[in-house]
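These notes are about the structure you will find just below.
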Amino acid sequence: MEKVPMTRDGFVQLEVELKRLRTEERPAIIRAIADAREHGDLSENAEYHAAKERQSFIEGRMAELDDIISRADVIDISKLSGDVIRFGATVVLADEDTDEESTYCIVGSHESDAAAGRLSITSPLGRALIGKTIGDSVEVTTPRGSKSYEVVKIDYNA
């Protein structure tokens, strides 16, 4: 069983989502199905079919969250330090073409959000950054073409 690395915050967010699905969404959809059944013929009841589809989605997501949480390897970033990029590092990169700087925190794939600066450790850029130090150049092939970055700063306290 493969462990899933994640931060404490990412783990808590998954637990909160699972609790919400179990305590709010699931009971609400059960009520919606019961209400739709009262309308008669189920074969032509769009509300019933929509509610059953939503129930299927909720049950699937809960199973997925249970699996992820059971395999979680929660890493305490506050105890990490050093000048080599690893999971949990906050990294400042400079685009070698434009000198534009970007800041990313290397996190688990289930908590990544590039727009919010949370870069998955399994993404092409995340994988390329692991093991690099300040001053290293990183080249990554993206859907928009090849990009080169220079590592400007590495921080584990951000």
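When 135, 131, 145 are screened for being at pLDDT below 90, outside the structural domain of residue 14 (by TED's automatic domain parsing), on the phi > 0 side of the Ramachandran plot and among the small types (Gly, Ala, Ser), only 145 passes. Considering only the range 92-106, state which residues are aliphatic (A, V, I, L, M) and free of Cβ contacts under 8 Å to residues at least 40 places away in the same chain. Residue satisfying the conditions is 106 alone. Applying the condition of being of a type in the set (Asp, Glu) and more than 16 Å from the chain's Cα centre (by Cα) to the range 66-94 and asking which residue is surrounded by the fewest Cβ atoms within 10 Å (Cβ to Cβ) yields 76.
Being at pLDDT 90 or above, assigned by TED's automatic domain parsing to the domain that holds residue 128 and within 16 Å of the chain's Cα centre (by Cα) is the requirement here; does residue 107 meet it? Here the answer is yes, as residue 107 does meet what is asked. Are any residues in the range 88-125 touching a Gly at 6+ places or on another chain (Cβ under 8 Å) and hydrophobic (A, V, I, L, M, F, W, C), and if so, which ones? Hits for the range 88-125 are 105, 106, 107, 119, 121.
Residues that are part of a strand (DSSP E or B) and among the small types (Gly, Ala, Ser) were ranked within the range 119-158; the one that is nearest to residue 80 (Cα to Cα) is 120.
Residues are listed down the side, and each one gets a yes or a no for (1) in contact with a Lys or Arg (Cβ under 6 Å, 6 or more places away or on another chain); (2) farther than 29 Å from residue 113 by Cα; (3) at pLDDT 95 or above; (4) β-branched (Val, Ile, Thr):
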| residue | (1), (2), (3), (4) |
| --- | --- |
| 5 | no, no, no, no |
| 8 | no, no, no, no |
| 18 | no, no, yes, no |
| 22 | no, no, yes, no |
| 40 | no, yes, no, no |
| 44 | no, yes, no, no |
| 47 | no, yes, no, no |
| 55 | no, no, yes, no |
| 60 | no, no, yes, no |
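For the range 40-65, the candidate set comprises residues that are among the charged types (D, E, K, R) and loosely packed, with under 13 Cβ neighbours inside 10 Å; within that set, the residue that is farthest from the chain's Cα centre (by Cα) is 41.
The values are calculated or read from the model by the stated rules, or taken from the named source; none is laboratory data. Just so you know, these numbers come straight off a predicted model, no measurement behind them. Positions of Cβ are backbone-derived with ideal geometry, glycine not excepted, and every protein chain shown enters the neighbour counts.
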